[in-house]
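To start, the structure under review is shown below, and the notes come after it.
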Amino acid sequence: MQIQENSVVQFHYTLSENGNELESSRQGSPLLYLHGHNQMFAKVEAELTGKSVGDKLSITLAPVDAYGEVKSDAIESVQVKNLSGAKKWKPGMVAWLRTAQGEQQVTIVKVGMFKAEVDTNHPLAGKTVTFDIEVMQIREASADEIAHGHAHGEGGHHH
């Protein structure tokens, strides 16, 4: 079977920048997603289209195709109580900011007793990154998965 729209795909990946590994799924479970439903960077999804189990590929993405360009106006002042990921904050640390739209990854710029200045650019904004991918499994999506717009993990519905 080849990857096409409405395929559920599992793959292992290693993400790197300039040859330096940033993260990898190799020590855990493969990533699972529903192909053709905007759950992946568009260029990664395009490169995966037509691939089969066992295929390996390396995809290099410019900032515009990955985590975006650095925005100079992305510094915001937020309540420290809305940050999660550590008990004590220092500049340069990455945190999760709770917002009305859900959690957002931010970088601490300056921290006070009750407020912190955070950079809302993704930590990889402005960087060219490479995904090394190995396709592990492909199957047709169920009607529920297509209706919900995402793949369900082993054993059923996982949100």
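What follows is calculated from the coordinates using simple rules that are stated; it is not laboratory data. Quick caveat: nothing in here was measured; it's all calculated off a predicted structure. All Cβ positions, even for glycine, are placed from backbone atoms using ideal geometry, and neighbour counts span all protein chains on display.
With viscosity set to 1.567 mPa s at 4 °C, what whole-number translational diffusion coefficient in µm²/s follows for the chain from Stokes-Einstein and a Kirkwood radius over Cα pairs? Let's see the in-between values first.
Numbers: Rh = 17.6 Å.
Stokes-Einstein gives a translational diffusion coefficient of 74 µm²/s.
Near the amide H of MET93, within less than 5 Å, lie the amide hydrogens of ILE108, all on another chain or at least 5 residues away, with H placed in the peptide plane. Modelled spin labels at ASN82 and ALA100, positioned 7 Å past Cα toward Cβ, are 1.0 nm from each other.
The stretch between ALA74 and ALA62, if pulled fully straight at 0.36 nm per residue, gains 2.3 nm over its current Cα-Cα span.
The modelled label-to-label distance between ALA143 and GLU5, using points 7 Å beyond Cα along the C-beta direction, is 1.9 nm.
Label positions at ARG26 and MET93, each projected 7 Å from the Cα along the C-beta direction, are separated by 3.0 nm.
In this Cβ point-charge picture (+1 for Lys and Arg, -1 for Asp and Glu), segment 63-119 has a dipole of about 500 debye about its Cα centre. Taking GLY102, GLY149, GLY68 in turn, the Gaussian network model of the chain (Cα-Cα springs below 10 Å) assigns the largest fluctuation to GLY102.
Radius of gyration over Kirkwood radius for segment 70-132, both on Cα atoms: the Rg/Rh ratio is 1.00.
Loop-only GluC sites (Glu not before Pro) in segment 25-113, please: DSSP not H, G, I, E or B, and at most 16 other Cβ atoms within 10 Å.
Values: sites: GLU45, GLU47, GLU69, GLU76, GLU103; in loops: GLU69.
Passing both the DSSP loop test and the Cβ count: GLU69.
In the chain, the calculated helix contribution to ellipticity at 222 nm averages -2000 deg cm²/dmol per residue, counting -39,500 (n - 2.57) for every DSSP H run with n ≥ 4.
Among the listed pairs LYS81/LYS127; LYS87/LYS115; LYS43/LYS127, a Cα-Cα separation exceeding 20 Å is found for LYS81/LYS127. Comparing mean-square fluctuations of ALA125, ALA141, ALA95 from a GNM of the chain with C-alpha springs under 10 Å, the top value falls on ALA95.
For LYS110, a cut-off of 20 angstrom between C-alpha atoms picks up these aspartates and glutamates, skipping any fewer than 8 places away in its own chain: ASP73, GLU76, ASP119.
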